[in-house]
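Before any comments, here is the structure.
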Ligand SMILES: [Zn+2]
């Protein structure tokens, strides 16, 4: 996760890097770094297992963090909970600046919570007398006592059962996915008009199709995710066709051809112009970029739709 050189300078070198995450004890608090993609941006989620001495202290902490956040563009966001704090940090363009920037954000926070008598403990119950273990829960890590680890796992299991019992309505869902994918296709054609093939338009198609399915079909289950992806694949094919037909139409318009004529005769025209390889190249690049931009979203949707989770004791 971090370069060795940077690791030594980060938080006094207290962190151990486990590749997918890093953690260590800093001034008595457990600090965990998780790296996750949010809207295609890589965000460092920094968890500190600090329990607030009271609700007032918690809201005072929130205003303190708000003012700290205003002071650094790499301080992206934060959440305060009763028994832990989560900071969201963005990496500077130059990785070697990570230690200075991250220390500059985290140090004052730890100093503040120490002064305000926050205590380190279990992230679920705040207990500081029981031994804590680090657990991986989906793509995040938490410090929990043994009782809470069982409680959290039971909660995840309940949630899984609840999600699994949720069934979507196929036909309304299908309509919703189609409408959503149409929005994505329009974006695709618009961006193509500007001279680009954009994977982001493909990803928008997939996301809108899933949102549409969820809105109309009442739930996004596994079936809904698969249907949304299939509809997106078809829709991108048509979006690419329309983009090409539009280009050709612009050329043929002076000769009295209509857009419908052009679209119907598109394949013949492309073959005659010996442009078929370019047509498939555009389509291939489009699908490839779409895949890159949306694979994370699809995997997440599948996980959420089945309620499945991953929880295990981490190092
Ligand atoms: Zn606990």
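Selection of region 143-171 for residues being at pLDDT 95 or above and surrounded by 15 or more Cβ atoms within 10 Å (Cβ to Cβ) yields 143, 144, 145, 148, 149, 152, 153. Checked against the criterion of being in contact with a strand residue (DSSP E or B) (Cβ under 8 Å, 6 or more places away or on another chain) and surrounded by fewer than 18 Cβ atoms within 10 Å (Cβ to Cβ), the candidates 93, 37, 70 yield just one match: 37. Does at least one position in region 40-55 carry a residue that is in a helix (DSSP H, G or I), touching a residue at least 60 places away in the same chain (Cβ under 8 Å) and farther than 30 Å from residue 296 by Cα? No - not one qualifying residue is present in region 40-55.
When the residues of region 78-90 are filtered to those that are in a loop (DSSP other than H, G, I, E, B) and within 23 Å of the chain's Cα centre (by Cα), which remaining residue is surrounded by the most Cβ atoms within 10 Å (Cβ to Cβ)? Talk me through it step by step, then tell me what you get.
The initial filter retains those residues of region 78-90 that are in a loop (DSSP other than H, G, I, E, B), namely 81-84.
Now narrow it down to the ones that are within 23 Å of the chain's Cα centre (by Cα): 81, 84.
Values: 81: 15, 84: 25.
Here the answer is 84.
Restricting attention to region 1-34, the residues that are surrounded by fewer than 18 Cβ atoms within 10 Å (Cβ to Cβ) and assigned to a helix (DSSP H, G or I) add up to 6.
Among the candidates 241, 147, the residue that is within 16 Å of the ligand (Cβ to nearest atom), in contact (Cβ under 8 Å) with a residue 12 or more places away in the chain and in a helix (DSSP H, G or I) is uniquely 147.
Residues in region 120-137 that are within 21 Å of residue 22 (Cα to Cα) and touching a strand residue (DSSP E or B) at 6+ places or on another chain (Cβ under 8 Å): 120, 121, 122, 123, 124, 132, 133, 134, 135, 136, 137.
The set of residues from region 85-99 being out of contact with any helix residue (DSSP H, G or I) (no Cβ under 8 Å at 6 or more places or on another chain) and in contact (Cβ under 8 Å) with a residue 40 or more places away in the chain comprises 86, 88, 90. There is at least one residue in region 164-173 that is part of a helix (DSSP H, G or I) and closer than 30 Å to residue 124 by Cα. Applying the condition of being in a strand (DSSP E or B) and over 18 Å from residue 44 (Cα atoms) to region 95-144 and asking which residue is nearest to the ligand (Cβ to nearest atom) yields 144. Applying the set (1) within 16 Å of the ligand (Cβ to nearest atom); (2) surrounded by fewer than 18 Cβ atoms within 10 Å (Cβ to Cβ); (3) modelled with pLDDT of 95 or more to residue 47 leaves exactly one unmet item: (2).
The values are calculated or read from the model by the stated rules, or taken from the named source; none is laboratory data. This is a predicted model, so every value here is computed, not measured. Counting neighbours? That spans all protein chains shown, and the Cβs are built from the backbone with ideal geometry, glycine included.
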